[in-house]
1. How large is the helix-only mean residue ellipticity at 222 nm for the chain, computed as the sum of -39500 (n - 2.57) over DSSP H runs with n ≥ 4, divided by its residue count, in deg cm²/dmol to the nearest 500?
2. Just to confirm the filter: which GluC sites (Glu not before Pro) across segment 12-87 are DSSP coil and have at most 12 other Cβ within 10 angstrom of their Cβ?
3. First measure r as the distance between the Cβ atoms of His26 and Arg69, then evaluate 1/(1 + (r/R0)^6) with R0 = 22 Å and state the FRET efficiency to the nearest 0.05.
4. Loop-only trypsin sites (Lys or Arg not before Pro) in segment 76-177, please: DSSP not H, G, I, E or B, and at most 10 other Cβ atoms within 10 Å.
5. What percentage of all Cα-Cα pairs in segment 69-136 are separated by more than 19 Å?
6. ³J(HN,Hα) across segment 105-113 via Karplus (A = 6.51, B = -1.76, C = 1.60, θ = phi - 60°), whole Hz, x for Gly/Pro?
7. Which value, in debye to the nearest 20, gives the size of the charge dipole of the chain about its Cα centre, when Lys and Arg are +1 and Asp and Glu are -1 at the Cβ?
8. Residues of segment 54-78 with amide nitrogen under 11 Å from the 7 Å Cα-to-Cβ point of Ala106?
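What follows draws every value from the coordinates through simple rules; no lab data is involved. Not measured: the values here are computed from a predicted model. No Cβ is skipped: glycine too gets one built from the backbone with ideal geometry, and neighbour counts run over all protein chains shown.
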Amino acid sequence: MILSDSAILAAREKGDIVIEPFDRAHLGSNSYDVHLSPHVAIYEAEILDARRHNRVRRFTIPPEGLVLRPGELYLGSTVEYTESHRHLPILDGKSSVGRLGIDIHATAGIGDVGFCGHWTLELSVSKPVRVYAGMPIGQIVYYRVEGKVLRPYHKKGDSKYAYQNHLPVESMMWKNTF
């Protein structure tokens with residue numbers, strides 16, 4: 001079951017959902033709009049290796065915007081820091097963003113109960129698009145979870161992305177054993 005606007009507000013009051021900064025104007029009927037931070041990263045290597053730490057180059061979006069180009073993977077992040085202690089957060093792009101040909105995540109739209117941090121976005125485009133820091137980029141929907149969560153994400157010993165700061169975080173696949 002998806003939380004309504006009133007249920008999101010009630011969960012915030014109880015501390016089950018944290019959104020900072022929070023602006024009621026960004027609350028939809030069953031979602032909360034998040035915004036693109038000025039922080040962006042791109043991978044330095046042309047070929048990425050799942051068993052190695054792939055380094056990134058970080059930069060900020062200038063006031064005149066940044067043109068995203070097809071064929072490049074950009075890592076962005078949300079302005080908003082979120083926590084979800086009892087609900088499953090799912091991040092997806094806004095329809096206006098999708099209609100510009102911008103994908104905000106490849107496969108990482110589902111959070112975990114216990115996720116605490118800024119969301120890293122895997123930005124890709126179908127044609128060149130200029131984006132701006134602070135623009136609405138996605139929306140988080142919260143699902144009610146059935147049953148007690150035994151291992152919230154932020155308390156798992158092997159959680160690689162707990163408490164993400166405001167900078168985009170590159171893949172930590174290399175920390176897995178395979």
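1. Result for the chain, helices only: -2000 deg cm²/dmol.
2. Working: sites: Glu13, Glu44, Glu46, Glu64, Glu72, Glu80, Glu83; in loops: Glu44, Glu46, Glu64, Glu72.
Answer in residue order: Glu44, Glu46, Glu64, Glu72.
3. The computed FRET efficiency comes out at 0.15.
4. Details: sites: Arg86, Lys94, Arg99, Arg130, Arg144, Lys148, Lys155, Lys156, Lys160, Lys175; in loops: Arg86, Lys94, Arg99, Lys148, Lys156, Lys160.
The qualifying sites are Arg99, Lys148.
5. 33 percent
6. Residue by residue, segment 105-113 yields 7, 7, 8, 10, x, 9, x, 10, 4 Hz.
7. 340 debye
8. The answer is 72-75, whose backbone nitrogens lie closer than 11 Å to the label point.
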